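Shown next, in structure tokens, is the structure this report addresses.
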Amino acid sequence: MNDDFFLPLFNRFGLHYGMIDSELVLHFENDSICEFLSVSPCMKQVNLTDFLNEVIGQENEIRKVISGEKKEFSIRGINRSSDREIFFNLYFINHNYNGYPAVVVIRNITSELLFYHSLQQSRNEIQLLQDELLEKNRELDRINRELEEKVAERTKQYQESSDLAKRLFLQTVNSLTYALEMRDPYTSGHQRRVAILASAIAANMGLDEDTVEGIRIAGLLHDIGKIYVPSEFLTKPGTLPEEEYNVIKTHPLRGFEILKEIEFPWPVASFVLQHHEKINGSGYPYSLEGEEIRIESKILCVADVVEAMGTNRPYRISPGVSEALKEIGKYRGIKYEPSVVDSCCDLFRNKNFSWDE
Ligand SMILES: [Fe+2]
Ligand SMILES: [Fe+2]
């Protein structure tokens, strides 16, 4: 073997070599293998079975290589005599060299094994982290599901109580309307139609849904105060004596008193109180003007006039809707809010508004 060429190459790749004779004695000629095997450089040979426990029991296989029966045989070895453990593979190769029947090549696999072990350790750590993560994810999923169930349950409870509150609220409104209807069926029908027209005017003005609904509810109740007015005053044809008219004029305030204790989602009692106010101050009960009057009441006022003039009563023939529209047009900006009048006229003239269901 050309040591000048092979030794640096072998060293570079962690390889050392020696020769073996038929007595299983390892012969070597260079210092690198001595250093690797931690034997004294003056030694030129060692008995394999004395030197390497791993060889014991494998002698027959090695002899097969020496005799040529086998081309090659390998053993994994550990050198524990140095400060640290050195792992190596021992390859027995049938090759006649310098009169010896076989060559032994030793490959240092310590760094490979260390690398492999640290790789394996990293893999194990990653696996542990993944398992932990999976477990945490499962836990999170479980918590999420529990939370979703709780939210669904609470939403259902809330929905049920909200539905109940809505039903109670509508039942209250219906009962109040019904109370008036028992005395004066025409006023009750009037309230329903004012509610329909007033909420249509409000929606046509672009007011938000909640405001529109508040106006509709106030419309259904706006004349509730008439429950205090003797019914013969309400149904009397022609002009009323001032005394009787003064009694009728108390109905917005009476209505306010009836409704003020009910916790509506809107200030319905105030809407009702102001529904006969006019923007020039000619209305009642407080002769409020312009911006002093709520928009909801201004809408109720216009709807009230149009409905009253637009539909017949058994005790009087109505002038009709077109007369009613003329009337509110005439007093647009005087008694009635211009934007409300415009919206109302637009409904009848351009949007086919009708009370028919
Ligand atoms: Fe009224
Ligand atoms: Fe009315």
Going by how many other Cβ atoms sit within 10 Å of their own, how do 49, 239 line up, fewest first? 239, 49
Sequence-distant or interchain residues sharing an amide H contact under 5 Å with residue 102, placed H: which? 20, 95, 97
For 78, 201, 86, 299, ascending order of other Cβ atoms within 10 Å (fewest first) is 78, 86, 201, 299
Output the direction-averaged projected area (hull surface divided by four) of the convex hull of the alpha-carbon atoms of the range 187-242, in nm². 4.8
Using a simple spin-label model with points 7 Å from Cα along the Cα→Cβ vector, what separation in nm is obtained for residue 257 and residue 61? 11.4
Calculate how steeply helix 209-221 sits against the longest principal axis of the alpha-carbon atoms of the chain, using the helix alpha-carbon long axis, and give the answer as 0 to 90 degrees to the nearest 10. 30
When N is the residue count of the range 263-357, what does its C-alpha Rg come to as a fraction of 2.2 N^0.38 Å? 1.11
Give me 272, 105, 341 sorted ascending by neighbouring Cβ count inside 10 Å, so fewest comes first. 105, 341, 272
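More than 24 angstrom separation, counting every C-alpha pair in the range 3-112; what % is that?
17
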Work out, step by step, the length gained on full extension between residue 125 and residue 146: first 0.36 nm times the residue separation, then minus their alpha carbon distance; give nm to one decimal. 4.4 nm
When every alpha-carbon pair in the chain is counted, what percent end up more than 30 Å apart? 62
Report Rg(Cα)/(2.2 N^0.38 Å) for the range 87-134, keeping two decimals. 2.05
Would you mind telling me which residue in 254, 192, 12 has the biggest mean-square fluctuation in a Gaussian network model of the chain, where springs connect alpha carbons within a distance under 10 angstrom? 12
Label point at residue 349 placed 7 Å out along Cα→Cβ; residues across the range 312-341 whose backbone nitrogen lies under 19 Å: 320-341
Local electrostatic count, residue 281, Cβ distance below 13 Å [Lys/Arg +1, Asp/Glu -1]: -2
Give me the Å³ per residue figure for the convex hull around the C-alpha atoms of the range 188-300. 108
Degrees between helix 295-310 axis and first principal axis of the chain (Cα, 0 to 90, nearest 10): 50
Using only Cα atoms and rounding to the nearest 10 degrees, what angle (0 to 90) does helix 338-350 make with the longest principal axis of the chain? 90
Would you please put 349-356, 221-228, 246-253, 281-288 in order of how densely packed they are, using the mean number of other Cβ atoms within 10 angstrom per residue and starting with the highest? 221-228, 246-253, 281-288, 349-356
The base-10 log of I(q)/I(0) that the Debye equation returns for the range 102-191 at q = 0.13, 0.17, 0.23, 0.24 Å⁻¹, one scatterer per C-alpha, is -0.77, -0.90, -1.06, -1.09
Potential extension, residue 38-residue 174 segment - 0.36 nm per residue separation minus Cα distance: 38.3 nm
What percent antiparallel are the DSSP beta bridges of the chain, to the nearest 5? 95
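We did not get these values from a lab; they are worked out from the coordinates using the rules stated. Not measured: the values here are computed from a predicted model. Neighbour counts are summed over all protein chains in view; Cβ atoms, including those assigned to glycine, are modelled from backbone coordinates with ideal geometry.
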